[in-house]
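Working notes for the structure below.
The values are calculated or read from the model by the stated rules, or taken from the named source; none is laboratory data. Everything numeric here is computed off the predicted structure, so don't read it as measured data. With ideal geometry, Cβ positions are generated from the backbone for all residues, glycine too; neighbour counts draw on all protein chains shown. Accessible surface areas use protein heavy atoms only, side chains included; no ligands, DNA or RNA. Shrake-Rupley method; radii C 1.70, N 1.55, O 1.52, S 1.80 Å.
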Amino acid sequence: MERIGFTAVMGVLALSSGLALAIAAGSEPLGITAGVLGGVGLTLLLWLARMWASTEIGPARDAVPAASPSPSEPRVEDVLGAVDDPLLLVEGRQVVRANAAAIAALGEHVVDDDIRLAIRHPAATELLTRDGHAGGSVELIGLGDADRVWTLSVLPLGPTTRLVRLSDHSATRATERMRVDFVANASHELRTPLASLIGFIETLEDANGPDDATIRIRFLAIMAGEARRMQRLVDDLISLSRIEADKHRAPADAVPLGALARETADTLRGSRSDAARITLAIEDGLPPVSGDRAQLSQLLHNLIGNALKYGDAAKPVRVSVARDAGGMVRLAVADEGDGIPPRHLPRLTERFYRVDPGRSRAAGGTGLGLAIVKHIVERHRGRLDIASTQGVGTTVTVLLPALVEARNAAAAE
Amino acid sequence: MATTGHTVKAFDSDLGQIRGLVSEMGGRAEAAIAASIEALARLDLDTAARIVEEDRKIDELEAEVERQVIRLIALRAPMADDLRDAVAALKISGVIERIGDYAKNIAKRVPLLAELRNSEPMAILPAMARSVSDMVRGALDAYAARDAKAAVLVQESDRHVDDFYNSLFRTLLTYMMENPTSITQSAHLLFIAKNLERIGDHATNIAEMVYFAATGDQLVDRPRGPDPYAAMAERT
């Protein structure tokens, strides 16, 4: 039955390719007729060929390795599917089976593809296309994502059949990198507030003595401010490393982004006086996004906070949440003000990069806000875009995948 | 190819073989970009020399793709989407070969840059390279998956790379004015930035071919922003 269905599909394809050909050749009626006729002819031929093939040679495509010989023995697919690591069964150079983990990591197209299309990495290619089809293993850095580290091992199962296994070491590598990064930039950034704290403490000790109450109060206020900034910095660093550690695990909770934006705006209005400038435009009937509620709330706080800080204090901050093409939900936070000079735009999401260091420190910024936003968006498999016109204002747009779409995609796989 | 298998099975395997070769080339070019920037950041002369050496393999693969595509067209006279696939493979392999050359060119400049280790431009280049690598990866992933939508996304992200280039251009100009003794080296960095920017453009070209092969339509050029050179001419 399946074969007839297959031939029908092929027939439709042949017909449509005939049509396409006719249209390409020039859209005269004669050409189209010829194309359609050609398509019909091709369909017949195809059908005959399939009939012949099925009688003379027997099943061709379906015969590749062993599907369930007896009911007691588990099927190959089920065995592969039960393993969490991506597994590929390779026949010659062609992938004949892939388990769910492999499809999630490498894409749906890998089955029946050439192994070099499935795993595009020189080290893997050398191991997999080497003559003699030997086994072995190799470390792959940058497969699928620049930061991912995999170990690929090849196990020969027959003269041309091999089992390819990928195991993920990204988390170990990420932890290592985080430690290095922390030492590199946190120590530098923490030194500034620490130095001023020590300076004020020394001044209080030496010069003015215990009697000068006004100076003491003023200094204590500055010291408290600096200490709080350090605390915020440490908090931001911790949340940044948490997000990075989870980066390769996409969050899947249903989060109503519109409601969350409203909630964030309310919280901000309660805590700071300039937050009355926030205006909300939330589309009705929005699908929830697939995400992590706490992180998305942090993203909203950072973006709206930035807009309030750097936008013109007399102008509104417009927050909008709407549906976007391709099953995405679009969040936009726009301010009106000085804007950002274009040469800074590509570097805004770097850690501790500041357009105007003095202004950022005065506003209590840690230099990590947008880095956190970027990492949250990356973890959510979304997209971040910052557009700014000098003298007009800045708009930050975040696209996040809607949950419904994610479910459909999973069903399609 | 499972859903559109051809009656002549050899055709599938020919086309699969060609696509595999193109993907292998792409993998090598991607690795060359990553390695060249790493060699630059660490001033690793051995890695740089190895990249120059390995570019030959990319050239050989290109010749092999060309040979096989011509053979496929001659023997099997492919039509419609098959013809587009064959033509796309031919064109994409040419583009990847260029990308490999740019990576090689970056690697060749590494030995000339010993003294610029901690300058600001050196801090921006790796970020720009990352952005460019993401584009190349996106384009090649789209090729492997025949995904027209993913190809459109690649085209859109070219703007970020252009922003990086413009940002670096200004930074380097300032740097050269402040440090006239390092003008030679800054000029090399400028060429490296230009090479990266070109790689980004080529990734867009691959995306366009992927879109064409998948849909049969040409991907319309992305709307260009204001001309960066005009803006620079005003200021400098």
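I'd like to know if the range B:36-44 contains one or more residues that are modelled with pLDDT of 90 or more, within 25 Å of B:Leu190 (Cα to Cα), in a helix (DSSP H, G or I) and not aliphatic (A, V, I, L, M).
yes
Kindly indicate the residue of the range A:312-347 that is more than 20 Å from the chain's Cα centre (by Cα), part of a loop (DSSP other than H, G, I, E, B) and within 14 Å of chain B (Cβ to nearest Cβ) and also modelled with the lowest pLDDT among those meeting that condition.
So, considering only residues that are more than 20 Å from the chain's Cα centre (by Cα), part of a loop (DSSP other than H, G, I, E, B) and within 14 Å of chain B (Cβ to nearest Cβ), the one modelled with the lowest pLDDT is A:Pro341.
Take the range A:338-357 and flag every residue that is touching a His at 6+ places or on another chain (Cβ under 7 Å) and farther than 25 Å from A:Pro316 by Cβ.
First pass over the range A:338-357, keeping only residues touching a His at 6+ places or on another chain (Cβ under 7 Å): A:346, A:355.
Of everything in the range A:338-357, just one residue is touching a His at 6+ places or on another chain (Cβ under 7 Å) and farther than 25 Å from A:Pro316 by Cβ, namely A:Pro346.
I'm checking my understanding of the structure. Among residues of the range B:43-73 that are within 14 Å of chain A (Cβ to nearest Cβ) and among the charged types (D, E, K, R), which one is farthest from B:Met25 (Cα to Cα)? First the steps, then the outcome.
Step one: list which residues in the range B:43-73 are within 14 Å of chain A (Cβ to nearest Cβ), which gives B:47, B:50-51, B:53-58, B:60-61, B:64-65, B:68.
In the following step, the residues that additionally are among the charged types (D, E, K, R) were identified as B:50, B:53-57, B:60, B:64.
Details: B:Arg50: 16, B:Glu53: 15, B:Glu54: 11, B:Asp55: 10, B:Arg56: 11, B:Lys57: 8, B:Glu60: 9, B:Glu64: 11 Å.
Filtering the range B:43-73 for residues that are within 14 Å of chain A (Cβ to nearest Cβ) and among the charged types (D, E, K, R), the one farthest from B:Met25 (Cα to Cα) comes out as B:Arg50.
Please identify the pairs in which a residue from the range B:70-88 that is among the β-branched types (Val, Ile, Thr) has its Cβ atom under 6 Å from the Cβ atom of a residue that is crowded, with 17+ Cβ neighbours inside 10 Å, counting only partners at least 6 apart or on another chain.
Note: pairs meeting the criteria are B:Ile73/B:Ala86.
If I filter the range B:15-33 down to residues being small (Gly, Ala, Ser) and open to solvent by less than 10 Å² (accessible area, probe 1.4 Å), which single residue comes out as farthest from the other protein chains (Cβ to nearest Cβ)?
Going through the range B:15-33, the residues small (Gly, Ala, Ser) turn out to be B:16, B:20, B:23, B:26-27, B:29, B:31-32.
Keeping just the survivors that are open to solvent by less than 10 Å² (accessible area, probe 1.4 Å) gives B:20, B:23, B:26-27, B:29.
On the way: B:Gly20: 3, B:Ser23: 4, B:Gly26: 6, B:Gly27: 4, B:Ala29: 9 Å.
Result: B:Ala29.
Which of the numbered conditions does B:Arg76 fail, given that it passes all the others? Conditions: (1) more than 13 Å from every other protein chain (Cβ to nearest Cβ); (2) under 24 Å from B:Gly216 (Cβ atoms); (3) at pLDDT 85 or above.
(3)
Sort out which residues of the range B:133-159 are at the interface with chain A (Cβ under 9 Å from one of its Cβ atoms) and within 19 Å of B:Ala31 (Cα to Cα), and write them in order of number.
Listed by number, the residues that qualify are B:Ser133, B:Asp134, B:Arg137, B:Leu140, B:Asp141, B:Tyr143, B:Ala144.
Identify, from the list B:Asn205, B:Asn195, the residue that is at pLDDT 90 or above, polar (S, T, N, Q) and open to solvent by less than 20 Å² (accessible area, probe 1.4 Å). Reasoning before the result, please.
Numbers: B:Asn205 fails: open to solvent by less than 20 Å² (accessible area, probe 1.4 Å).
Of the residues listed, the single one that is at pLDDT 90 or above, polar (S, T, N, Q) and open to solvent by less than 20 Å² (accessible area, probe 1.4 Å) is B:Asn195.
Can you find a residue in the range A:351-371 that is outside the structural domain of A:Leu240 (by TED's automatic domain parsing), touching a strand residue (DSSP E or B) at 6+ places or on another chain (Cβ under 7 Å) and either open to solvent by less than 30 Å² (accessible area, probe 1.4 Å) or within 28 Å of A:Met230 (Cβ to Cβ) (or both)?
Initially, the range A:351-371 is screened for residues outside the structural domain of A:Leu240 (by TED's automatic domain parsing), giving A:351-371.
If we keep only those that are touching a strand residue (DSSP E or B) at 6+ places or on another chain (Cβ under 7 Å) as well, we get none.
No, the conditions are met nowhere in the range A:351-371.
Just a yes or no: is a residue in the range A:121-133 assigned to a strand (DSSP E or B) and modelled with pLDDT of 80 or more?
The first filter runs over the range A:121-133 and keeps only residues assigned to a strand (DSSP E or B), leaving none.
Scanning the range A:121-133 turns up no residue that is assigned to a strand (DSSP E or B) and modelled with pLDDT of 80 or more.
Does the range A:201-213 include one or more residues that are in a loop (DSSP other than H, G, I, E, B), out of contact with any His (no Cβ under 6 Å at 6 or more places or on another chain) and buried (at least 16 other Cβ atoms within 10 Å of the Cβ)? Break it down stepwise before answering.
Of the range A:201-213, the ones in a loop (DSSP other than H, G, I, E, B) are A:207-212.
Still in the running and out of contact with any His (no Cβ under 6 Å at 6 or more places or on another chain): A:207-212.
Now drop any that are not buried (at least 16 other Cβ atoms within 10 Å of the Cβ), which leaves none.
The answer is no; no qualifying residue exists.
Filter the range A:325-358 down to the residues that are free of Cβ contacts under 8 Å to residues at least 12 places away in the same chain and charged (D, E, K, R), then identify the one that is farthest from A:Val392 (Cα to Cα).
A:Arg347
Scan the range A:95-111 for residues that are of a type outside the set (A, V, I, L, M), open to solvent by less than 30 Å² (accessible area, probe 1.4 Å) and within 14 Å of another protein chain (Cβ to nearest Cβ) and jot them down. Step through it out loud before you land on a result.
Residues of the range A:95-111 that are of a type outside the set (A, V, I, L, M), as a first pass: A:97, A:99, A:107-109.
In the following step, the residues that additionally are open to solvent by less than 30 Å² (accessible area, probe 1.4 Å) were identified as A:99, A:107.
Within the range A:95-111, just A:Gly107 meets the criteria.
Please go through the range A:83-94 and give me each residue that is open to solvent by less than 40 Å² (accessible area, probe 1.4 Å) and at the interface with chain B (Cβ under 10 Å from one of its Cβ atoms), ordered by number. Spell out the reasoning first.
Here is the first cut: in the range A:83-94, the residues open to solvent by less than 40 Å² (accessible area, probe 1.4 Å) are A:86-90, A:92.
Hit for the range A:83-94 is A:Gly92, nothing else.
Mind listing whichever residues of the range A:132-159 are in contact (Cβ under 8 Å) with a residue 12 or more places away in the chain, out of contact with any Asp or Glu (no Cβ under 6 Å at 6 or more places or on another chain) and of a type in the set (Val, Ile, Thr)?
Scanning the range A:132-159 gives A:Val138, A:Val149, A:Val154.
Being closer than 26 Å to B:Glu24 by Cβ, open to solvent by 10 Å² or more (accessible area, probe 1.4 Å) and within 14 Å of chain A (Cβ to nearest Cβ) is true for just one of B:Arg170, B:Arg130. Which residue is that?
Numbers: B:Arg170 fails: closer than 26 Å to B:Glu24 by Cβ.
Testing whether each residue is closer than 26 Å to B:Glu24 by Cβ, open to solvent by 10 Å² or more (accessible area, probe 1.4 Å) and within 14 Å of chain A (Cβ to nearest Cβ) leaves just B:Arg130.
Mind checking whether some residue in the range B:117-124 is modelled with pLDDT under 90 and acidic (Asp, Glu)? Talk me through it step by step, then tell me what you get.
Taking the range B:117-124 first, the residues modelled with pLDDT under 90 are B:117-124.
Pick out the ones that are also acidic (Asp, Glu) and you get B:120.
So far as the range B:117-124 goes, yes, one or more of its residues are modelled with pLDDT under 90 and acidic (Asp, Glu).
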